[in-house]
1. Can you spot the lysines whose alpha carbon is less than 25 Å from Lys228's alpha carbon? Ignore those fewer than 8 places along the same chain.
2. Would you mind checking which residues have amide H under 5 Å from Glu169's amide H? H placed 1.01 Å from N; only 5 or more apart, or other chain.
3. Do the sum for the chain: with -39,500 (n - 2.57) for every DSSP H run of n ≥ 4, divided by all residues, what is the mean residue ellipticity at 222 nm, to the nearest 500 deg cm²/dmol?
4. As an exercise, use a Förster radius of 41 Å and the Cβ-Cβ distance of Glu96 and Ser246 to find the FRET efficiency, rounded to the nearest 0.05.
5. Please state, to two decimals, what the Cα-based radius of gyration of the stretch 187-280 comes to when divided by 2.2 N^0.38 Å (N = residues).
6. List the residues of the stretch 41-69 whose backbone N lies under 13 Å from a point placed 7 Å from the Cα of Arg22 along the Cα-to-Cβ direction.
7. Within the chain, what percent of beta bridges assigned by DSSP are antiparallel, to the nearest 5?
8. Set the Förster distance to 22 Å, then compute FRET efficiency between Phe68 and Val189 from the Cβ-Cβ distance, nearest 0.05.
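Computed from the coordinates by the stated procedures, all read-outs in this text should not be read as laboratory data. Bear in mind that the values here come from a model prediction, so they are computed numbers and not experimental data. Because the Cβ atoms are built from the backbone with ideal geometry, glycine has one as well, and the counts that use them run over all protein chains shown.
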Amino acid sequence: MITITTKQEMQQLAKQHKEKGRSIGFVPTMGYLHEGHLTLLKEAKKNNDITIMSIFVNPLQFGPGEDFDAYPRNPERDTKLAEEAGVDILFMPSPENMYNSEKSIRMTVLNRTDVLCGVNRPGHFDGVVTVLSKLFHITLPDRAYFGLKDAQQFAVVSGLVEDFDFPLEIVPVETVRESTGLAVSSRNVYLTPEERKQAPALYKSLQKAEELLKDGVQDIAAITGKVKDYIRTHMQADIDYVELLSFPELEQISVPNGKVIVAAAVKFSKARLIDNIIIDV
């Protein structure tokens, strides 16, 4: 495995691989690697000659009062895990290298952000599309891999690639879960022992919605109400949102039809958990 820390060297090496006809699979991460990240890498290795993983905690996607400084980091452990998993190139730039001058252009996401996590995180997805635009230009991938745990991010990135004609494929990968059903996440380390016991109920609440949809229930308020009731009964956490929307458009609908997403977010003492189920009705 090669570790690269500057965007200039990374882009040059990516160009060399492309000139030799090698396909590149790219897995962007913010580090503190877990099984979810490694599953993305496994998918990338199946269909590409070269795999690149980036580890970069992007300051642009953290708002005031959010956990940029506290975000879990362990570069030594990440490097070891990446090498053991078979990453060909590990790209670990500094914020100074990625953003080495004052920006003259600002990217703003217009759609798919006024729901779910986007409501309470203004500017978050602007930061996401900014860093990914840079990373796509730097790593020159044929395919980039994103977990569906953060389905809103996948939807936004799909719009970015489509709108700006990036010559790459965005590959969705199913959410990786613990044996309890809890979606793996770097932020799970913030859960107390008691909260960790309760956390799997979030996924179970979404499964209740899936059962209702498969049974033909069309009352969206009734479906989301059942999800909220289950969360309140089984978790001592504040509900941030429970929504049923079209996917990937993330638009409000009156009747479930076609591909839809049921998504929920809850807040424990120090951890905010998100999860979703995507269903073809």
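1. The qualifying lysines are Lys149, Lys197, Lys204, Lys208, Lys214, Lys259, Lys267, Lys270.
2. Distant-sequence amide H within range of Glu169: Arg143, Ala144.
3. On the way: 9 runs with 105 residues, N = 281.
Result for the chain, helices only: -11500 deg cm²/dmol.
4. Values: r = 40 Å, r/R0 = 0.99.
The computed FRET efficiency comes out at 0.50.
5. The value comes to 1.08.
6. Within reach of a label on Arg22, which here means backbone N under 13 Å from a point 7 Å along Cα→Cβ, the stretch 41-69 contributes 48-53.
7. 50
8. Working: r = 16 Å, r/R0 = 0.73.
Efficiency, from the Cβ-Cβ distance: 0.85.
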